[in-house]
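Values in this text are rule-based calculations from the coordinates and carry no lab data. Please read all numbers here as calculations on a predicted model, not as lab measurements. Don't worry about glycine lacking a Cβ; one is built from the backbone with ideal geometry, like all the others, and counts go over all protein chains shown.
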Amino acid sequence: MYRKFYLILLLTSAIVLLAFSIVATVKEVTPEWKQYQSEYKEMFIAKAKDPEIAEQAKSFQIGHKQIYLNTLERVDRCMNCHIGVDNPLMAGADHPYKQHSGNYLDNHPIAKFGCTVCHDGQGRATNKKEAHATDLDTHWDTPILPAKYIESACARCHDKEMLKDSGAEKVAQGEMLFREKGCRGCHKLAGVGGVLGKALDGIGSQPKHYFSLRHVEGDKTTYAWLQEHFVDPRAIVPDSEMRVVLNGEEADLLTTYVLTIKTDEIPKQYRRISNYKDTPADGESLYKMYCIACHTDGKYSIYDELFKRTIPAVMSPDFIRTIDDAFLKKIINDGRKDTQMTAWKPDAAGLTDDELNRIVTYMTRNRSGEKPAPFGYSNFTVNKKSGQEIYDVRCASCHGIMARAGEGYLGIDLTNPVIQSADPEFLAITIRDGRKGTTMVPFGAKGLKLSDQDIADIVAYLRTFAQMKHNQGNMK
Amino acid sequence: MSEQEKTGICKFIENAKNLGCNLCGSYLRDGKPDSDKSRSAIIFNNFFLHIQGVKTHINTLRPTYTWGMGLISLFLLFFTIVSGILLTIYYSPSIESAYTTVKDIKYVVFAGNLTRNIHKWAGEGMIIFVILHMARVLYTSSYKRGREFNWVIGIILLAITFFINFTGYLLPWDQLSYWALVIGANIAKSPNEITDFLGLTQYFDMGSLQKEMLLGGTIPGEATIPRVYFLHIMLLPLIMFIFLGVHFWRIRKDGGLTRPDEFEPKGEEAGLPTKKGGIFPTNKTYGLMELAKGRTPAVDKDIENTVLSWPNLLRAEMAVFFLTFAGILIYSMYMDAPLKELANPLIPENPAKAPWYFLGLQEMVSYSAFMGGIGLPTLALIGLGLIPYLDREPHYMGIWFSNKQGKAVAVQSFIVGVVVLVGLLVATVSYGWFRNWWPDVPQLLITLVNPGTIWVGFMMAYSIWTIKKTNSTRMGAIALFTMFLLSYIILTYVGTELRGPNWDFFWSHDQWPIH
């Protein structure tokens, strides 16, 4: 029954099946890498002049090549295509036949190290797309490391002291940038640093899916994300508050360094570590590492468009002259609540007491010998009401009516607990003498001619804000 | 002595000469199938073929009657078994090497990637074809008159097909596996929605028990893979084979596939074997009165309109086999089975989606984990299983959609179903549900009243209304099944294509805020 129908169906299906079985078989026996290996063999034979090597070339077997690395827990099949990697005759050849550049393989024999331990990528894969894994649809956590960041791989086994002047200068230069651009002002690393940005621990070994790659222009990889976000943070993370912006070259260097911050450790027998000890950072280095991103050199106050507030001039000579070390340290210690200024004490941002002292010493290094003339606040009988009247006329334009400052104001928030706890003498002197490098002009005899009584009244009024703020909080 | 030796050698040479013939003959027992008798013998003497009748009704052979759906499902199962056996050679069910061995299968095992693709697509193809087969059985009323329980077995086989696919999905231990496992485990735990409300959890925490049974712990890990592997290659196949055997055996006992009571051969069919042809005397009918109950063809009907299974049926089966083979091979050559990054508990997939065949359920899980994941699927399976017991009208067996009215009911319920379900989904997507309106509403209320339960309630109400209107339970069955089918398709589509990160609605993947 339906003999013809089924016979035709049977026959067509069988023919189609046969045809596609042949196609499938052909596809299976002629993978991408075989093509490369046979071309390599021809090149090898053509280049081999020495009879012994010519013999070697002729006996080259086309077939799967892989390095099984037990301790490193990986299998690298890169030489299926990069077959000439350890063949000196292939020095001038094109990719993928080319010999490895430099003399790296002398100290890092392929049989012991493989490829992906430095270059990343998917060692098990046997075609270019999936081995290099730079496309999102290859679904591999660590795509191949671009050549310009390759020095970051050296730091997986060698410490930076060894690398400084032996071929991995970029890591050292990148690290310098990392220190001097103040990255840790916002990013924690090993428990120390600010909290505005994400912690950087293990960032170099994080899978690419930790990053939102939507806005990345180049390859959809961690590397491109890092590099592009150093150049234009807000192009990659639209609501980023990152203030540091680098040029392309610096960004490459910093990327190289940041990629060395890894959590996955290479097994011990592969690592080479000199016995150097990092010298404790001095005050200047510490200031750069933690403060400079926001405060720059500290001489001028800046209204910051990202933070929507004014960043104070922390090394204004007037400020340093007026403040004593203990109070300066307290400011750094406690930070400023409700602003971007982190509390830097050991149990918050994680600086040690000693480091805090060094920063204070550095900041006050240029303190001029002469102390400002004492104000003698305690000698005045103060009137908060009149203080408020003067404040609203003279001060509120910069500090805001309730002294909250913030967006659009050139002054700083005076309701802050740290300022509220400040010595009234300090506040009075600041109002009287002003602050160089900021928009705070002297209001006393030298400047806008407020009487000392007026200044004392203002200070008294200012000191009520702690209470007011507290009440406001309760009312909410 | 020499005479005997010579005879012995002669015999040996002669036997050697006839080796081919004898091998063939001993295999076929009755020699070449060149007469009706030997053609019959070849069927009932063969272990694999004897599950089929010696003679096959013409209707069974009509391509437009069955569309070969059941057969295709069976052959797909065959391909998953063959490819699966090949995969077990390389796959290692442990947390360290599950992923890497799958990678090795993909990259270095000869035809490994193709084998994996065949395994994957044949397995998932089974879901489609089993459902289509079920649709054919329903729409041709083939679940009646002694076949009720076989329909129930079919439902069990459908459920096993889902589970065996799901367990296979978990084995590569990539991001898909891990997060599907997390979803699966949370669904297993979802009875807590009810027990928490009733205050029973502290006495008997069924949800957590189920979850820990599945995971072998509280999170997917070390202990999970071996147990999922055991389910996938051992327990579930075993159960499946047993039920499959019963499924086939019952078809045979029920007299082969269903056919219309009044079968009018036409065209090519007409004029072929009648009472006068074949091996049976014309003046006698055979029956198995002592052995078989019910209406077997031998009892109730004559041998009219049947042809010998060899070669008619086997030719058809071979054709479907090659068609399936070619189809699965070509599809697998050009579509790679997905394999994502290594499982990483720290990077949740957003959205974490179950495999596509469960996304309709996941859509309902997004309303209520218990109802979407356990309550409604169970209800659906029970509801489907009860169809043959609630509709016992004996007419129109073997006729697609029974009659004109049946066709109308199918079309009607399809249109009504699409409108109501799409409307319900649009409303849910646009306006949210109770939780968005009254944040403090008790979870039990949402569990009981959500778009999923409302839809299921509507399906039931509509089919009962159909029964009332048409005065026929058969029409109710058609309406219910049509709605079940379309809701499976629509919900799966919504879950697969229109849901993005945080299970928010998106018209396409390009609009997703990330990646």
Using the crude model of +1 on Lys and Arg Cβ and -1 on Asp and Glu Cβ, and no other charge, please compute the dipole size for the range A:52-191 relative to its Cα centre, in debye to 20.
320 debye
Ignore the peptide's own chain and count Cβ atoms of other chains within 10 Å of each Cβ in A:207-215; give me the average, rounded.
4
Run the numbers on the range A:1-104 and let me know its relative contact order in percent, using alpha-carbon pairs under 8 Å that are six or more apart.
19 percent
Just tell me which lysines come within less than 20 Å, Cα to Cα, of B:LYS469; anything on the same chain fewer than 8 places away is out.
B:LYS404, B:LYS407
Which of A:THR255, A:THR310, A:ILE320, positive extreme of dipole for the range A:238-370 (C-beta unit charges)
A:ILE320
When the expected Rg is taken as 2.2 N^0.38 Å, what fraction or multiple of it is the alpha-carbon Rg of chain B?
1.15
For peptide B:105-113, compute the average count of partner chain beta-carbon atoms within 10 Å of each residue's beta-carbon.
4
Using the alpha carbon gyration tensor of the range B:362-515, what are the three equivalent-ellipsoid semi-axes (square root of 5 times each eigenvalue), largest first, in whole Å?
33, 18, 13
Once Rh for the range B:420-459 is found with the Kirkwood sum over Cα pairs, what is the Stokes-Einstein diffusion coefficient at 20 °C and 1.002 mPa s, in µm²/s?
202 µm²/s
Summed over the other residues with a beta carbon less than 10 angstrom from that of B:LYS189, with K and R at +1 and D and E at -1, the charge totals -2
Within 10 Å of each Cβ in A:6-13, the average number of Cβ atoms from other chains:
6
How about the range B:49-154: which GluC sites (Glu not before Pro) there lie in a loop by DSSP and see at most 13 other Cβ atoms within 10 Å?
B:GLU96
Would you be so kind as to identify which of B:ALA98, B:ALA159, B:THR466 lies farthest towards the positive end of the dipole of chain B, taking Lys and Arg as +1 and Asp and Glu as -1 on Cβ and the Cα centre as origin?
B:THR466
Charge dipole of the protein assembly as shown built from unit charges on the beta carbon (Lys, Arg +1; Asp, Glu -1), centred at mean Cα; most positive-end Cα among B:THR447, B:THR378, A:SER59 is B:THR378
Which distance in Å, rounded to a whole number, links the C-alpha centroids of the range B:44-60 and the range A:373-394?
109 Å
Please give the charge dipole size of the protein assembly as shown, origin at the Cα centre, charges +1 on K and R Cβ atoms and -1 on D and E Cβ atoms. Round to the nearest 20 debye.
2880 debye
With Cα coordinates, the longest principal axis of chain A makes an angle with the long axis of helix A:424-433, in degrees rounded to 10, of 90 degrees
Multiplying the sequence separation of B:THR496 and B:HIS509 by 0.36 nm and subtracting their Cα-Cα distance, what value in nm do you get?
3.7 nm
Percentage relative contact order, chain B, counting C-alpha pairs under 8 Å, at least six apart
20 percent
Quick check for me: using +1 on Lys/Arg Cβ and -1 on Asp/Glu Cβ, what's the dipole size of chain B about its Cα centre, in debye to the nearest 20?
1660 debye
Net +/- balance of residues flanking B:THR473 in space, Cβ distance below 14 Å, scoring K and R +1, D and E -1
+2
Is the protein assembly as shown best put as rounded, prolate or oblate by its Cα gyration tensor, with a ≥ b ≥ c the root eigenvalues, rounded for a/c under 1.5, and otherwise prolate when a/b is larger than b/c, oblate when not?
oblate
Within-14-Å neighbourhood charge of B:LYS103 [Cβ basis; K, R +1; D, E -1]
-3
Cα extents of the range B:140-223 per principal axis, largest first, Å, are 47, 38, 17
If one computes the Cα centroid of the range B:422-501 and of the range B:109-145, what distance in Å separates the two points?
26 Å
Please enumerate, by chain and number, the lysines with C-alpha under 29 Å from the C-alpha of B:LYS189, excluding those fewer than 8 residues away in the same chain.
B:LYS120, B:LYS211, B:LYS340, B:LYS353
B:TYR389 to B:ASP440: extension gain in nm, 0.36 nm per residue of separation minus the Cα-Cα distance?
14.1 nm
Acute angle (nearest 10 degrees) that the helix A:169-180 long axis makes with the longest principal axis of chain A, alpha-carbon atoms:
20 degrees
Among A:LYS112/A:LYS188; A:LYS371/A:LYS449; A:LYS181/A:LYS208; A:LYS299/A:LYS371; A:LYS27/A:LYS148, which pairs are too far apart, with a Cα-Cα distance over 30 Å?
A:LYS112/A:LYS188; A:LYS27/A:LYS148
Under 21 Å from A:LYS277, Cα to Cα: lysines that are on another chain or at least 8 residues apart
A:LYS160, A:LYS164, A:LYS170, A:LYS262, A:LYS268, A:LYS288
Roughly what angle does helix A:32-47 make with the longest principal axis of chain A, taking Cα atoms, 0 to 90 degrees, to the nearest 10?
70 degrees
